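Following: one structure in structure tokens, then a few remarks.
The values are calculated or read from the model by the stated rules, or taken from the named source; none is laboratory data. Note that the structure is a prediction, hence the values are computed from the model and not measured. A quick note on method: Cβ atoms are made from the backbone with ideal geometry, for glycine too, and the neighbour counts reach across all protein chains shown.
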């Protein structure tokens, strides 16, 4: 159904048609000038999904958007519904066009009975795909953040994390006048272990120490590998006596 035919059908039904457009950009301009209460957008129009969002967000007056499509454009309709379209009609059906415009004009909305099931299924699929994509993205970002502050050999936090966190803990201790213990330790004669038994054995020693530190410290304590065989510890709410006990 052409734009002129649609306008004629609506006019014959007593509905004022304030304009029509052949592109998304033109449609947005016409809408801004005429401030319609209802806009019918062809799902096959280039940029239709973005147009729906812009119509919803950029006009000061309340606006309802109807997505019009044939049965073969369910994916496009689903995306337009997600962008804010409030109703869906099948192109080429004058009765749906008139009923759709009248329905959203009074705020009740309309979803064509013939097409509602596939559209809703598509919307659900789009939602699930988007949710899955976002979950994967969040997991990837979280993993990158974890890797950026983790020593890959021992599993402890790394040099950069230690000094960033130490600054935070020092500030907190000063502000609230609470004790904070800091321990720097290294492995005696570690070079001799590497020279005598090889770096693979040295790596096992470091990994074992990492596991031991994690098992003996509180959750609030910070244990980091800050150098080859050097480790740093920040122990909130720990005085000198407690620090000596932990160090031993």
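When 19, 14 are checked against the criterion of being touching a helix residue (DSSP H, G or I) at 6+ places or on another chain (Cβ under 8 Å), modelled with pLDDT under 85 and in the same structural domain as residue 65 (by TED's automatic domain parsing), a single residue qualifies: 19.
Regarding residue 70, is this residue surrounded by 13 or more Cβ atoms within 10 Å (Cβ to Cβ) and modelled with pLDDT under 70?
Taking the combined requirement at face value, the residue satisfies it.
Filtered by the rule that a residue be over 19 Å from residue 101 (Cα atoms), part of a helix (DSSP H, G or I) and at pLDDT below 80, region 50-63 gives 57, 58.
Taking the condition of being under 33 Å from the mean Cα position of the chain (by Cα) and part of a loop (DSSP other than H, G, I, E, B), how many residues in region 1-30 meet it?
1
Scanning region 200-228 for residues that are in contact with a strand residue (DSSP E or B) (Cβ under 8 Å, 6 or more places away or on another chain) and farther than 25 Å from residue 172 by Cα returns 206, 209, 210, 227. Kindly indicate whether any position in region 196-203 is modelled with pLDDT of 90 or more and within 38 Å of the chain's Cα centre (by Cα). Looking through region 196-203, none of the residues is modelled with pLDDT of 90 or more and within 38 Å of the chain's Cα centre (by Cα). Flag set for residue 85, criterion: modelled with pLDDT under 75 and crowded, with 19+ Cβ neighbours inside 10 Å.
Is one or more of the residues making up region 29-36 more than 17 Å from residue 64 (Cα to Cα) and surrounded by fewer than 18 Cβ atoms within 10 Å (Cβ to Cβ)? Break it down into steps so the answer makes sense when it comes.
We begin by selecting, within region 29-36, every residue more than 17 Å from residue 64 (Cα to Cα); these are none.
No, that holds for no residue.
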